[in-house]
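Take a look at the structure below.
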Amino acid sequence: MEFRSLASYSPRSGNSFLLWHDNGIEPCIKDRFPQLHSFSRKRKGSIRHFLDGELNKILSLPLSVQASNQIISLMELLEERNWDLSINNKWTYTWNSKMFSVKKTYCLLQGTQEASPLFFLAMVFRQPWKTSVLLLALTQR
């Protein structure tokens, strides 16, 4: 399960909001402007990347007539918001729960993997030749 499917985003600076895929602006930008999306060079670019970048680096030019009209509409939509780099972005659950932390859920979905005890021993010795000798000795048993 992907974290972004559980969370809603209120973009403030636009740094971590994926322009084409995140659900902070309804409907998703990709679905709202499909012809413009088809000209995108960076499918996972942020809003900040789009606002600060050069058009020829963001989109494959020349644009179709439909895509040209859609970029005008997209720019109007994005200009309606107050983008401020000093304000943190805000993530919330799509079901607006106050009980659970979005950060904890993200960590839970990312998962943790327990390290091998051999890795711990290698870190204790911190010298490659001693680690090699230890690993060789342990694998020979």
Query raised in the report: Are there any pairs, at least 6 apart or on different chains, whose C-beta atoms fall under 7 Å, with the first in the stretch 47-69 and assigned by TED's automatic domain parsing to the domain that holds residue 14 and outside any helix (DSSP H, G or I) and the second hydrophobic (A, V, I, L, M, F, W, C) and buried (at least 17 other Cβ atoms within 10 Å of the Cβ), and if so, which?
Result: 59/39; 60/39; 63/39; 63/71
Requested in this report: Determine, yes or no, whether residue 30 is surrounded by fewer than 18 Cβ atoms within 10 Å (Cβ to Cβ), in the same structural domain as residue 91 (by TED's automatic domain parsing) and either part of a loop (DSSP other than H, G, I, E, B) or touching a strand residue (DSSP E or B) at 6+ places or on another chain (Cβ under 9 Å) (or both).
Outcome: yes
Query - Top-ranked residue of the stretch 70-112 - restricted to ones that are assigned to a loop (DSSP other than H, G, I, E, B) and of a type in the set (Asp, Glu), ranked as modelled with the lowest pLDDT - result: 84
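The values are calculated or read from the model by the stated rules, or taken from the named source; none is laboratory data. Bear in mind that the values here come from a model prediction, so they are computed numbers and not experimental data. Every residue, glycine as well, gets a Cβ built from its backbone with ideal geometry; the counts of neighbours run over all protein chains shown.
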